[in-house]
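Coordinate-derived values only; no laboratory data. What you see is a predicted model, and the numbers here were worked out from it, not measured in a lab. No Cβ is skipped: glycine too gets one built from the backbone with ideal geometry, and neighbour counts run over all protein chains shown.
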Amino acid sequence: MKEKLKRKSKGITLIALVITIIVLLILAGVSIATLTGENGILTRAREATEKTEEATEEEQRKLAMLEAATNTKNTTFEGITIPAGFAPTRIEGESTVDEGLVMVDSKGNSYVWIEVPKTVDVYPIAGLEITKFTEEDYKNIYDDLKNYTKSYEKGTTVHKDEFSDETAVKDVTGLTATQYNNLKKKMLKSVYENEGFWIGQYEVGIEQKYRIFEEENIVTTEHPIEEIPVIKANTYPYNWVRGYQAQQLASSMNSGNYTSSLMFGVQWDLMCKFIEKNSNLKVEDINADSKSWGNYSNISFDIVKGEYSINNERTYTKVKEYYRKPESTKVLLTTGVTKRNSILNIYDIAGNMWEWTLEPDTVTPTLSCCMRGGGCNNDSGSYPASSRWNTSNSASYDNSGFRTTLF
């Protein structure tokens, strides 16, 4: 009788199962890394998409620059007057007022429109039909704008009520009292009639990497200015500039029948109000702590392009793949390196560099000039985007610069 053959079990052992799972996990990890790692397919695809978008935007910007070169008179776009010599970029995200309308000139200098709507909420005293512009009218317009932006008169311990766009003496801004007052009237009339004004999209910069520096401890009445100021992305911040020099440089960027200047204090506050009304930022993000959208010493964030200077503003390092700005570190960035530090297409309002304005300190004559917005060496909670700091107009610092306005 033949012996019955015993059937062997073909089941998997526990050890084999564990090994199989481990191998599968390893393969899955490799696959995920291949897809999402620093050099992964998805990462590279995203980078390629971003580069394509940047190239498209750059091409559109160049077309706008060519258009600007042919615009010999004022034009209108989206209901906003575009000055002669400028053209809207027409780039997606830059073509409406509530997104941050951007225009460029033929050299690539770019500005953003700050809307100040002619409504009763804005002008309860001045009214909406001013035509003669008497001294009383100018006072009413200014008082209304100050009331409209009163949230930004103070908000932290560094804010004070002693700053005002009152007539400034020559040693504050380089302007005589008459010149200052006339410039202020021109600004108020333009803001009222045009329902807004233009500001530089970026802090003013220079395109050369190296500059001829004056000794910081020498105060002179004449300061040679060798660099040509520009308002473009990826330029070196125009720092080590004195208050009156900043106004000289800003006014030299005149365009046609529009006036170029440093901003008055009320214009900075109007910009803050515009940001509040048209973005997802709240008053406290502008007025109490601007860490979510600014470059300050107490926060960390990544940049993937541009250049940076750690504690030494005269030496810049180019970003290769990415750079993580460390906390508790002063890092000055070239202009417009990351959208994280922008809002409504306006870059570096919060931190990076303090920006000179025409708003004087009316109480402390020796600290007569006002800078706004905080710097890269400051804490975001002490010096938010709306903050003020008074200093001498003859002072210059590694993290002090300026921004221009057109009206």
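What ranking of K184, K107 emerges when the number of other C-beta atoms within 10 Å of each C-beta is taken as an exposure proxy, fewest first?
On the way: K184 21, K107 14.
Least crowded to most crowded, the residues run K107, K184.
For R403, R61, R324, what ranking results if the residue with the fewest other Cβ atoms within 10 Å of its Cβ goes first?
Details: R403 27, R61 19, R324 9.
Ascending Cβ contact count within 10 Å gives the list R324, R61, R403.
How large are Rg and Dmax for segment 306-407 when calculated on the C-alpha trace, in angstrom?
Here Rg and the maximum Cα pair distance are 14.5, 49 Å.
Which loop-located chymotrypsin sites (Phe, Trp or Tyr not before Pro) does segment 239-333 contain, where loop means any DSSP state but H, G, I, E or B and the Cβ has at most 11 other Cβ atoms within 10 Å?
Y322
What order, most packed first, do the peptides 52-60, 23-31, 195-203 have when packing is the mean number of other Cβ atoms within 10 Å of each residue?
195-203, 52-60, 23-31
Amide H of S261: which non-local residues (sequence gap of 5 or more, or other chain) have their own amide H closer than 5 Å, using H built in the peptide plane?
Answer set, sorted by chain and number: T405.
How large is the translational diffusion coefficient of segment 135-406 in µm² per second when you combine the Kirkwood radius over alpha carbon pairs with Stokes-Einstein at 10 °C and 1.306 mPa s?
For the chosen part, D equals 85 µm²/s.
Just the Cα atoms of segment 269-339, one point each, no solvent: what log10 I(q)/I(0) does Debye give at q = 0.16, 0.17, 0.25, 0.28 Å⁻¹?
Relative scattering, expressed as log10 I(q)/I(0), comes to -0.65, -0.71, -1.08, -1.21.
Hey, fewest Cβ within 10 Å first, where do V112, V363, V122 land in order?
V363, V122, V112
Based on the Kirkwood radius over alpha-carbon pairs, what is the Stokes-Einstein translational diffusion coefficient of segment 233-284 at 10 °C with 1.306 mPa s viscosity, in µm²/s?
Reported coefficient: 118 µm²/s.
Beyond 32 Å between alpha-carbons counts as too far, so tell me which of K139/K277; K73/K291; K139/K339; K62/K305; K107/K139; K139/K291 fall in that bin. List each step's numbers first, then the result.
On the way: K139/K277 25 Å; K73/K291 41 Å; K139/K339 38 Å; K62/K305 20 Å; K107/K139 37 Å; K139/K291 36 Å.
Beyond 32 Å between Cα atoms: K73/K291; K139/K339; K107/K139; K139/K291.
List the GluC sites (Glu not before Pro) within segment 288-389 that DSSP assigns to loop and that have no more than 12 neighbouring Cβ atoms inside 10 Å.
Within segment 288-389, the qualifying GluC sites (Glu not before Pro) (loop, at most 12 other Cβ atoms within 10 Å) are E321, E327.
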